[in-house]
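Written below as structure tokens is the structure these notes are about.
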Amino acid sequence: SGVFKEAYDRGDPLVADLLDAAIEALGAGIASAVNLLDVDVVVLGGGLADKFGEWFRMRVDAAMRPHLFLQPPRVRVVAAELGDEGGAIGAALLAAGG
């Protein structure tokens, strides 16, 4: 994800196109889950969310909204508080029996 961020910041058009396509697909996929489960909050984590920050969160939120059944949408999209470390922290807690 760091490599994507660096290439995007340099203006690489291929990376920009890949990110656009990935964000659109992610938005549609998240909307499907929201439509099915009726959740109030979607938490974005992982490398891309961590490296691109608020820009990524806003883009995913915007890509999700047209696919939602309920209009106006009630769901919020937020960044994971643990950033890119959430999976590792969760695995460590699970291994520790917590």
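Rule-based calculations on the coordinates, nothing more; no lab input. Owing to the predicted nature of the structure, the values given are computational and were not obtained by experimental measurement. All Cβ positions, glycine included, derive from the backbone under ideal geometry; neighbour counts span all protein chains shown.
As an exercise, use a Förster radius of 25 Å and the Cβ-Cβ distance of Ala96 and Leu37 to find the FRET efficiency, rounded to the nearest 0.05. Please report the intermediate quantities before stating the final value.
On the way: r = 29 Å, r/R0 = 1.17.
After rounding, the FRET efficiency stands at 0.30.
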Notebook entry, point to check: Could you give the radius of gyration (one decimal) and Dmax (whole number) of the Cα atoms in the chain, in Å?
Noted result: 15.0, 46
Check: Helix by helix, which DSSP H runs in the chain go 27 Å or more along their axis at the Cα atoms and have an average Kyte-Doolittle hydropathy of -1.0 or more?
Finding: 13-37
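Relative contact order for segment 1-93: what percent, with Cα pairs under 8 Å and sequence separation of 6 or more?
Values: 95 pairs, mean separation 32.9, N = 93.
Answer for segment 1-93 is 35 percent.
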Next item on the list: Would you please put 83-93, 55-65, 40-50 in order of how densely packed they are, using the mean number of other Cβ atoms within 10 angstrom per residue and starting with the highest?
Entry: 55-65, 40-50, 83-93
Check: Counting Lys +1, Arg +1, Asp -1, Glu -1, what net charge surrounds Val34 among other residues with beta carbon under 14 Å of its beta carbon?
Finding: 0
Check: Picking from Gly83, Leu37, Gly27, whose Cα lies most toward the positive end of the charge dipole for the chain (charges on Cβ: Lys, Arg +1; Asp, Glu -1)?
Finding: Leu37
Next item on the list: Could you tell me the distance between the Cα centroids of segment 54-98 and segment 6-45, to the nearest Å?
Entry: 11
